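Here the structure is laid out as C-alpha cells; the discussion comes afterwards.
The values are calculated or read from the model by the stated rules, or taken from the named source; none is laboratory data. Since we're looking at a predicted model, the values are computed, not measured. Neighbour counts run over all protein chains shown; Cβ positions are idealised from the backbone, glycine included.
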Amino acid sequence: MMSVARRLRREENRTIGLVPTMGALHEGHLSLIHEARALCDVVVVSVFVNPAQFGPNEDFAAYPRDLTRDSALLAEYNVDYVFAPTSEEIYPAGFSTYVTVDGLSDKLEGAARPGHFRGVSTVVSILLHLVRPNFAFFGQKDAQQSIVIKQMVRDLAFDAEIVVSPIVREESGLAMSSRNVYLDDQERRAATVLNRALAQAQSLYAEGERSAPRLIEAVRSTIGSESLARIDYVSLNDADTLEKTDKLGDGPALLSLAVFIGKTRLIDNVVLGSQKNAAVA
Ligand code: AMP
C-alpha cells in the first residue's frame, strides 16, 4: 500500500486527481474521471467496496464487484493508477480511528443508514492521506456525501480541493448507479419515477412554488402512483447546511429522496434554485 503513495510522491510537481469509487463502474464514474483527466496530470482511481460504510443488514456481500472489467475500462480512459486495496490493507487488525463529521452525518441518508457517513469520511480520509491528491472528485448523485466530505476537508485541513460533478442519467432519466444491476426490467422502468417526480417538482419550482411541504407532497404523490415504489424519505434541505427548509428562499435547496423499488433502495436529488444538476424534464 505504501508503494502507491511513494510512487505518486515522486511525481510531486504534477497535479494529482483522485476519484474514489466502489467499482462496478458506469458512466457516472467515468464523468468524474473525465473531469479529473481535464484538470490533473496524474489520475488515480480507487476501487474499494468499503465495509465501514455498510450497515449490518445492507448489501455489502451482494454489492457488484468486477475488477477485471473495471480495470479494462480504466485503461481505456487513460487512468494512470488504479488503487484497489483489500479490506485488510485499509483496516488492518487493531484499526481503531474513525472520522465523524457531526451534525451533517446524522441527517437524510445518515438518519436512514446509521454509521454510513462515519465509514465514508474515515475511508476518504485514509485515501486522501495515501494518495495526497490536489483534487478529489465526487458526484452530485451522492449530494450529502459531497457536503460531508467538503466539511471534513475544511475542518481537518486536508490539502485537497473537492470537485463535485453533475448526476449522469440514462436516457430514461434514471440516475446511473452500480445498484441499478439489482433491478429487473419491470423495476428499471418503475425506477424512472424518481427522476420524473424530481423533474415535476422542478417545474413547480420554476412556476413559482416555494412551499417545501407542497413540493414534497407533489413528489410523494407522483412516486405513490408507481406500485413497485416505496418511499423511504423525500426531503427539502438547505443545499449547503442540510438544515430542513420549510419555505424556499434565495439560496439553493436540495430536494432529495430515497425510494425502494422492490428490494432495491435508490437515491436521487435535484438542486432547486441553481442551474446545476438539473433533472431530466
Ligand atoms: P460509488 O462507486 O457509488 O461509491 O460512487 C463513486 C463516485 O461516483 C461518488 O462520488 C458518486 O457520487 C459518483 N457517482 C455515482 N453515480 C453517479 C452518477 N450517476 N452521476 C455522477 N456521479 C456519480
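Could you list, in sequence order, the residues of region 184-193 that are in contact with a strand residue (DSSP E or B) (Cβ under 8 Å, 6 or more places away or on another chain) and more than 14 Å from the ligand (Cβ to nearest atom)?
Of region 184-193, the ones in contact with a strand residue (DSSP E or B) (Cβ under 8 Å, 6 or more places away or on another chain) are 187, 190-191, 193.
Glu187, Ala190, Val193, listed by residue number.
Regarding region 86-93, can at least one residue be identified that is closer than 21 Å to Leu236 by Cβ and aliphatic (A, V, I, L, M)?
From region 86-93, those closer than 21 Å to Leu236 by Cβ are none; that's our starting set.
Looking through region 86-93, none of the residues is closer than 21 Å to Leu236 by Cβ and aliphatic (A, V, I, L, M).
So the check is Cβ under 8 Å with 6+ separation or different chains; which pairs have a first residue in region 209-229 that's on the phi < 0 side of the Ramachandran plot and a second one that's among the polar types (S, T, N, Q)?
Ala212/Thr245; Ile216/Ser235; Ala218/Gln200; Val219/Gln200; Thr222/Gln200; Leu228/Gln186
From the list Asp59, Asp70, pick out the single residue that is surrounded by fewer than 18 Cβ atoms within 10 Å (Cβ to Cβ), under 26 Å from Arg169 (Cβ atoms) and either among the small types (Gly, Ala, Ser) or modelled with pLDDT of 95 or more (or both).
On the way: Asp70 fails: surrounded by fewer than 18 Cβ atoms within 10 Å (Cβ to Cβ).
Unique residue meeting the criteria: Asp59.
For region 199-220, check the following and say yes or no: at least one residue is among the polar types (S, T, N, Q) and under 24 Å from Gly110 (Cα atoms). Please lay out each step first, then the result.
We begin by selecting, within region 199-220, every residue among the polar types (S, T, N, Q); these are 200, 202-203, 211.
Pick out the ones that are also under 24 Å from Gly110 (Cα atoms) and you get none.
So far as region 199-220 goes, no, none of its residues is among the polar types (S, T, N, Q) and under 24 Å from Gly110 (Cα atoms).
For region 195-207, does any single residue satisfy the condition of being farther than 16 Å from Leu257 by Cβ, touching a Gly at 6+ places or on another chain (Cβ under 6 Å) and touching a residue at least 12 places away in the same chain (Cβ under 8 Å)?
Quick first cut of region 195-207, residues farther than 16 Å from Leu257 by Cβ only: 203, 206-207.
The next check asks that each one be touching a Gly at 6+ places or on another chain (Cβ under 6 Å); those that pass are none.
No - not one qualifying residue is present in region 195-207.
Of the residues that sit in region 163-183 and are among the aliphatic types (A, V, I, L, M) and surrounded by fewer than 20 Cβ atoms within 10 Å (Cβ to Cβ), which one is farthest from the ligand (Cβ to nearest atom)? Lay out the reasoning, then the answer.
Our first condition is that a residue be among the aliphatic types (A, V, I, L, M); within region 163-183, this holds for 163-164, 167-168, 174-176, 181, 183.
Keeping just the survivors that are surrounded by fewer than 20 Cβ atoms within 10 Å (Cβ to Cβ) gives 163, 168, 176, 181.
Numbers: Val163: 10, Val168: 4, Met176: 4, Val181: 12 Å.
Checked region 163-183; the qualifying residue farthest from the ligand (Cβ to nearest atom) is Val181.
Out of all the residues in region 232-270, which are part of a loop (DSSP other than H, G, I, E, B) and farther than 18 Å from Gln145 by Cβ?
Initial filter on region 232-270 (part of a loop (DSSP other than H, G, I, E, B)): 239-243, 245-246, 248-252, 262-263.
Result: Thr245, Asp246, Leu248, Gly249, Asp250, Gly251, Gly262, Lys263.
Collect the residues in region 114-125 that are more than 13 Å from the ligand (Cβ to nearest atom) and surrounded by fewer than 21 Cβ atoms within 10 Å (Cβ to Cβ), keeping them in residue-number order.
If the condition is that a residue be more than 13 Å from the ligand (Cβ to nearest atom) and surrounded by fewer than 21 Cβ atoms within 10 Å (Cβ to Cβ), then Pro114, Gly115, Arg118, Ser125 are the ones that fit.
Can you pull out every residue in region 85-102 that is crowded, with 17+ Cβ neighbours inside 10 Å and of a type in the set (A, V, I, L, M)?
Within region 85-102, Ile90, Val99, Val101 qualify.
Which members of region 23-47 meet the condition of being part of a loop (DSSP other than H, G, I, E, B) and touching a Pro at 6+ places or on another chain (Cβ under 6 Å)? Outline the logic, then answer.
First pass over region 23-47, keeping only residues part of a loop (DSSP other than H, G, I, E, B): 23-26, 40-41.
If the condition is that a residue be part of a loop (DSSP other than H, G, I, E, B) and touching a Pro at 6+ places or on another chain (Cβ under 6 Å), then Ala24 is the only one that fits.
Output the qualifying pairs, or none if there are none: Cβ atoms under 6 angstrom, residues six or more apart or on different chains, first residue in region 74-98 and in contact (Cβ under 8 Å) with a residue 12 or more places away in the chain, second residue of a type in the set (D, E, K, R).
Qualifying pairs under 6 Å: Tyr98/Arg118.
Answer yes or no as to whether Arg189 is of a type in the set (Lys, Arg), out of contact with any Cys (no Cβ under 6 Å at 6 or more places or on another chain) and touching a residue at least 12 places away in the same chain (Cβ under 8 Å).
Working: of a type in the set (Lys, Arg): yes; out of contact with any Cys (no Cβ under 6 Å at 6 or more places or on another chain): yes; touching a residue at least 12 places away in the same chain (Cβ under 8 Å): yes.
Here the answer is yes, as Arg189 does meet what is asked.
Got a sec? Which of Glu89, Glu109 is part of a helix (DSSP H, G or I), of a type in the set (D, E, K, R) and in contact with a helix residue (DSSP H, G or I) (Cβ under 6 Å, 6 or more places away or on another chain)?
Values: Glu89 fails: in contact with a helix residue (DSSP H, G or I) (Cβ under 6 Å, 6 or more places away or on another chain).
Among Glu89, Glu109, only Glu109 is part of a helix (DSSP H, G or I), of a type in the set (D, E, K, R) and in contact with a helix residue (DSSP H, G or I) (Cβ under 6 Å, 6 or more places away or on another chain).
Can you tell me which residue in region 126-152 is surrounded by the most Cβ atoms within 10 Å (Cβ to Cβ), limited to those that are more than 14 Å from the ligand (Cβ to nearest atom) and more than 22 Å from Pro51 (Cβ to Cβ)?
Across region 126-152, the extreme among qualifying residues is Gln151.
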